[in-house]
Each structure stands twice: as C-alpha cells, then as structure tokens.
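Asks: Okay, handing you the structure first.
The values are calculated or read from the model by the stated rules, or taken from the named source; none is laboratory data. All values derive from a computational prediction rather than experimental measurement. When we count neighbours, we look across all protein chains shown, and the Cβ atoms used for this are built from the backbone with ideal geometry, even at glycine. To get the accessible areas, we keep the full protein, side chains included, count just its heavy atoms, and leave off ligands, DNA and RNA. Shrake-Rupley method; radii C 1.70, N 1.55, O 1.52, S 1.80 Å.
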Amino acid sequence: MNNRSVNMKVFEGAFPLLESPRLILREFNEEDARTILAMRSDDRIGRFIARPEMEKIEDALGLVRRTRDAFHQKMGIGWAGIHRKSGKLIGSCGFNQLDILNLRAEIGGEMEVESWGTGLAQEAVRAILEFGFSSLGLNSIEAKVDPGNRSAIALLHYFGFEKEAHFKDRILFDGQFRDMAVYTAFKGSKP
C-alpha cells in the first residue's frame, strides 16, 4: 500500500514565500493588477499561450483573486516574481493545477519581455521545482507548452523535463487548432 501523499500543511497558515538570489516569489496582491494587465496584453508574451489578450484592469484584478482563491482552496499556488533590486513585479509562475491523488502538478508562468534572457526564469523555476518536490512532496511536475515555444522547451530541458506527449490540434483558439506538448520532470531529475 502506498502511503505517500501531498503535504497539505503547505496550505495552512501563511502563503509560502520563496527566494532566489535575485527574486522574491510572493503571493499576488491587488497592486499587481496593472503589471499583470500590461503583461497579459503584450502579444509577445502571449504569443504561445492560447488565451485572449487581457483588456481591462477588472480582468487583472479577477485573475489576482482567482489565483489567491486557488491557494486557499488547495487547488494551486501562483507566485508573483519580484525582482529584489528594483522591487518590480517581472512575472508569474506556479502550479496551475494540483493532482493531489497522483502527487503531480502542472507548472506554468510568464515573464515581462525586458527580463527575457537574464536567467531569472531559471531562478524562479528552480525555486518552484524545489518547493514542489521537497515541501509539497510531489512525484512529478508537468508543463504544457506550444511546440513552437523553443525558449520554454529549452528551459524545461535544462531542468530535466522529458517530453511525454504531443497532441495534434489539441486547442481551438481564434478559429485555429494548435498543437500542445507535455513535458514532465520527476522527483530526482537534474539539476
């Protein structure tokens, strides 16, 4: 009998604050809404994400509320990535979904264009993967990506994610079907 389970105590008390050399990963708050709106309305950031561009501040505030609610309902954990030096919100990353029964989660995120290529995404992903495997007790973490998103796939490979699936015409968005690939890292993956 398997008595392994997700550490649900993570969801009790304060939101889990994560830190890396250049980032603080904290819970979202309403003051983050304007930056979220700017990122979610930038077609360069959303190019590989099948979702409509965000148009109103109310939509960003709703996303903040849903992200916070997901944590309190023990369904996901979304972190705001704050650059230590500037104090500026530069992106978001977290577990969009938790599959508690199977000790599995889905990771996802986005980052402002100005921070691309700086290694900050690696810092955020490293901290979140470590939290997922060590603190939450996950066995596997998956990412669903557009097969054309070479930067995201390179980041996943860096952390030892393996391609598990490629779904043809998986998502209907803006009248067109798009493929989706699933990459997974397992507890004990590199680095």
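Yes or no, residue by residue, for (1) of a type in the set (Val, Ile, Thr); (2) more than 13 Å from the chain's Cα centre (by Cα); (3) open to solvent by less than 40 Å² (accessible area, probe 1.4 Å):
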residue: Cys93; (1), (2), (3): no, no, yes
residue: Leu98; (1), (2), (3): no, no, yes
residue: Ile107; (1), (2), (3): yes, no, yes
residue: Thr118; (1), (2), (3): yes, yes, no
residue: Ala121; (1), (2), (3): no, no, yes
residue: Phe131; (1), (2), (3): no, no, yes
residue: Gly137; (1), (2), (3): no, yes, yes
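Asks: Here is a further query. Keeping to the range 146-187, report how many residues are open to solvent by 50 Å² or more (accessible area, probe 1.4 Å), free of Cβ contacts under 8 Å to residues at least 40 places away in the same chain, over 22 Å from Asp43 (Cα atoms) and assigned to a loop (DSSP other than H, G, I, E, B).
Replies: Result for the range 146-187: 0.
Asks: Additional query: Where in the range 66-145 are there strands (runs of 3 or more DSSP E), lying fully within it, with 1 or more residues that are small (Gly, Ala, Ser), in contact with a Lys or Arg (Cβ under 9 Å, 6 or more places away or on another chain) and over 15 Å from Phe159 (Cα atoms)? Before you say what the answer is, go through the steps one by one.
Replies: On the way: elements: 77-83, 89-99, 104-111, 140-145.
Because the criterion is at least 1 residues that are small (Gly, Ala, Ser), in contact with a Lys or Arg (Cβ under 9 Å, 6 or more places away or on another chain) and over 15 Å from Phe159 (Cα atoms), the strands (runs of 3 or more DSSP E) in the range 66-145 that meet it are 77-83.
Asks: Now a separate question. For Lys88, only one of the following conditions fails: (1) at pLDDT 95 or above; (2) open to solvent by less than 20 Å² (accessible area, probe 1.4 Å). What is its number?
Replies: Just one mismatch for Lys88, condition (2).
Asks: For the list (1) touching a Ser or Thr at 6+ places or on another chain (Cβ under 6 Å); (2) within 23 Å of Gly119 (Cα to Cα), I need the number of the one condition that Arg84 fails.
Replies: Answer for Arg84: the failing condition is (1).
Asks: Then there's this: Taking the conditions exactly as written (out of contact with any strand residue (DSSP E or B) (no Cβ under 9 Å at 6 or more places or on another chain), at pLDDT 95 or above and surrounded by 15 or more Cβ atoms within 10 Å (Cβ to Cβ)), does Arg126 satisfy them or not? First the steps, then the outcome.
Replies: Values: out of contact with any strand residue (DSSP E or B) (no Cβ under 9 Å at 6 or more places or on another chain): yes; at pLDDT 95 or above: yes; surrounded by 15 or more Cβ atoms within 10 Å (Cβ to Cβ): yes.
Taking the combined requirement at face value, the residue satisfies it.
Asks: Could you grab me the full set of residues in the range 53-62 that are surrounded by fewer than 16 Cβ atoms within 10 Å (Cβ to Cβ) and in contact with an Asp or Glu (Cβ under 8 Å, 6 or more places away or on another chain)?
Replies: From the range 53-62, those surrounded by fewer than 16 Cβ atoms within 10 Å (Cβ to Cβ) are 53, 55-58, 62; that's our starting set.
Hit for the range 53-62 is Glu53, nothing else.
Asks: Considering only the range 147-179, state which residues are hydrophobic (A, V, I, L, M, F, W, C) and in contact with an Asp or Glu (Cβ under 7 Å, 6 or more places away or on another chain). First the steps, then the outcome.
Replies: Step one: list which residues in the range 147-179 are hydrophobic (A, V, I, L, M, F, W, C), which gives 152-156, 159, 161, 165, 167, 171-173, 177.
Those that are hydrophobic (A, V, I, L, M, F, W, C) and in contact with an Asp or Glu (Cβ under 7 Å, 6 or more places away or on another chain): Phe167, Phe177.
Asks: Among the candidates Glu106, Glu114, Glu110, which residue alone is under 28 Å from Met8 (Cα atoms) and modelled with pLDDT under 95? Working first, answer last.
Replies: On the way: Glu106 fails: modelled with pLDDT under 95; Glu114 fails: under 28 Å from Met8 (Cα atoms).
Answer to the selection: Glu110.
Asks: Of everything in the range 122-145, what is among the hydroxyl-bearing types (Ser, Thr, Tyr) and free of Cβ contacts under 8 Å to residues at least 40 places away in the same chain? Give them in sequence order.
Replies: The initial filter retains those residues of the range 122-145 that are among the hydroxyl-bearing types (Ser, Thr, Tyr), namely 134-135, 140.
The one that is among the hydroxyl-bearing types (Ser, Thr, Tyr) and free of Cβ contacts under 8 Å to residues at least 40 places away in the same chain: Ser134.
Asks: Restricting to the range 68-82, what's the tally of residues that are in contact (Cβ under 8 Å) with a residue 40 or more places away in the chain and open to solvent by 30 Å² or more (accessible area, probe 1.4 Å)? Walk me through it before giving the result.
Replies: Step one: of the range 68-82, the residues in contact (Cβ under 8 Å) with a residue 40 or more places away in the chain are 68, 71-72, 74, 77-82.
Among the residues that remain, those that are also open to solvent by 30 Å² or more (accessible area, probe 1.4 Å) are: 68, 72, 74.
Qualifying residue count, the range 68-82: 3.
Asks: Look at the range 137-164 and say how many of its residues are under 20 Å from Gln176 (Cβ atoms) and among the polar types (S, T, N, Q).
Replies: Number satisfying all stated conditions: 1.
Asks: Another question, if that's okay. What is the number of the single condition among (1) in contact with a Leu (Cβ under 8 Å, 6 or more places away or on another chain); (2) more than 21 Å from Lys144 (Cα to Cα); (3) among the acidic types (Asp, Glu) that Glu114 does not meet?
Replies: (1)
Asks: Here is a follow-up. Just checking, does the range 27-45 include any residue being closer than 16 Å to Asn96 by Cβ and surrounded by fewer than 11 Cβ atoms within 10 Å (Cβ to Cβ)?
Replies: There is no residue in the range 27-45 that is closer than 16 Å to Asn96 by Cβ and surrounded by fewer than 11 Cβ atoms within 10 Å (Cβ to Cβ).
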